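Peer 1: This is the structure I have questions about; it appears just below.
The values are calculated or read from the model by the stated rules, or taken from the named source; none is laboratory data. Everything quoted here is computed from the prediction, not taken from an experiment. All Cβ positions, glycine included, derive from the backbone under ideal geometry; neighbour counts span all protein chains shown.
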Amino acid sequence: MPARGMDAVTNEALWDAAEKTLRAIGVEAGATCLDFGCGHGNYTVPLAKVVRPSGTVYALDKDDAELRRATERARDAGLDNVEPLTSTDGPLIALDDDALDVVILFDVLHSYYFTVEERKRLFEEIGRVASPRALLAVFPHHMEADEIESEVVQRAIATGFERARDYRGPLVHDDHVVEDSVLIFTRGQRVSRGRTASTRD
Ligand SMILES: C[S@@+](CC[C@H](N)C(=O)[O-])C[C@H]1O[C@@H](n2cnc3c(N)ncnc32)[C@H](O)[C@@H]1O
């Protein structure tokens with residue numbers, strides 16, 4: 001079933017754009033990923049396409065209806081590697097330590113959803129579930145430059161990530177393709193397409 005208010009062609013166009021973005025960011029087949037604040041799945045579905053067949057996407061959203069739509073859209077697209085994760089009050093992310101190769105935080109960190117204290121707790125939790133070689137990608141939409149520095153860059157660094165590079169190009173936002181930036185952070189050394197991309201030492 002297409003997403004509400006969109007036809008199948010629009011879905012495909014959005015997913016194609018988001019898939020290109022995710023590949024450019026460095027997401028690869030086989031990765032275990034978390035789409036935190038997945039909404040109705042504009043990145044969940046392409047993420048699942050990029051990492052299949054052996055990779056898994058954990059989709060997490062506090063809005064049950066949005067989470068349901070994301071998983072339904074994945075299923076309708078023929079993808080069986082999306083696992084819904086319900087938000088919990090205790091540990092924010094119900095996954096084991098070091099479970100993830102990739103975490104994406106797209107258009108979710110801004111003050112509409114997170115207080116400073118909640119954001120700090122979220123980054124600590126991401127630090128716990130991200131593996132020592134994980135990639136973290138943040139689309140800090142609706143955040144000012146100084147807030148991005150203090151509430152994204154510094155928090156990611158405090159959690160053990162290093163700022164690797166920025167992606168600038170097409171991104172899906174609110175069911176449209178826009179031109180914007182994603183901050184990319186890495187931990188340790190990531191081996192990519194036969195070469196070693198060194199981010200530490
Ligand atoms: C603006 S939407 C972005 C959706 C998607 N990431 C995208 O870029 O298309 C933000 C989503 O984050 C979810 N969200 C906000 N705070 C959250 C929290 N603490 N835990 C889980 N989901 C959250 C909201 O319910 C909403 O669906």
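Peer 1: Name the pairs whose Cβ atoms lie under 9 Å apart, with the first residue in the range 102-120 and touching a residue at least 24 places away in the same chain (Cβ under 8 Å), the second within 8 Å of the ligand (Cβ to nearest atom) and among the polar types (S, T, N, Q), and 6 or more positions between them or separate chains?
Peer 2: Between residues of the range 102-120 that are touching a residue at least 24 places away in the same chain (Cβ under 8 Å) and residues that are within 8 Å of the ligand (Cβ to nearest atom) and among the polar types (S, T, N, Q), the close pairs are Phe106/Asn42.
Peer 1: Tally the residues that are under 14 Å from Pro84 (Cα atoms) and more than 9 Å from the ligand (Cβ to nearest atom), restricting the search to the range 28-64.
Peer 2: Number of matching residues: 11.
Peer 1: Checking Val138 against (1) more than 9 Å from the ligand (Cβ to nearest atom); (2) at pLDDT 95 or above; (3) part of a loop (DSSP other than H, G, I, E, B), only one condition comes out false. Which one?
Peer 2: Every listed condition holds for Val138 apart from (3).
Peer 1: To continue, here is another question. What number of residues in the range 45-62 are assigned to a strand (DSSP E or B) and farther than 16 Å from Asp107 by Cα?
Peer 2: 3
Peer 1: Could you go through the range 14-23 and let me know if any residue there is more than 16 Å from the ligand (Cβ to nearest atom) and modelled with pLDDT of 95 or more.
Peer 2: Within the range 14-23, one or more residues are more than 16 Å from the ligand (Cβ to nearest atom) and modelled with pLDDT of 95 or more.
Peer 1: Same structure again: Here are Ala70, Ala65: which of them is part of a helix (DSSP H, G or I) and either of a type in the set (Asp, Glu) or crowded, with 21+ Cβ neighbours inside 10 Å (or both)?
Peer 2: On inspection, the qualifying residue turns out to be Ala70.
Peer 1: Name the single residue, out of those in the range 154-183 being buried (at least 17 other Cβ atoms within 10 Å of the Cβ) and in a helix (DSSP H, G or I), that is nearest to the ligand (Cβ to nearest atom).
Peer 2: Arg155
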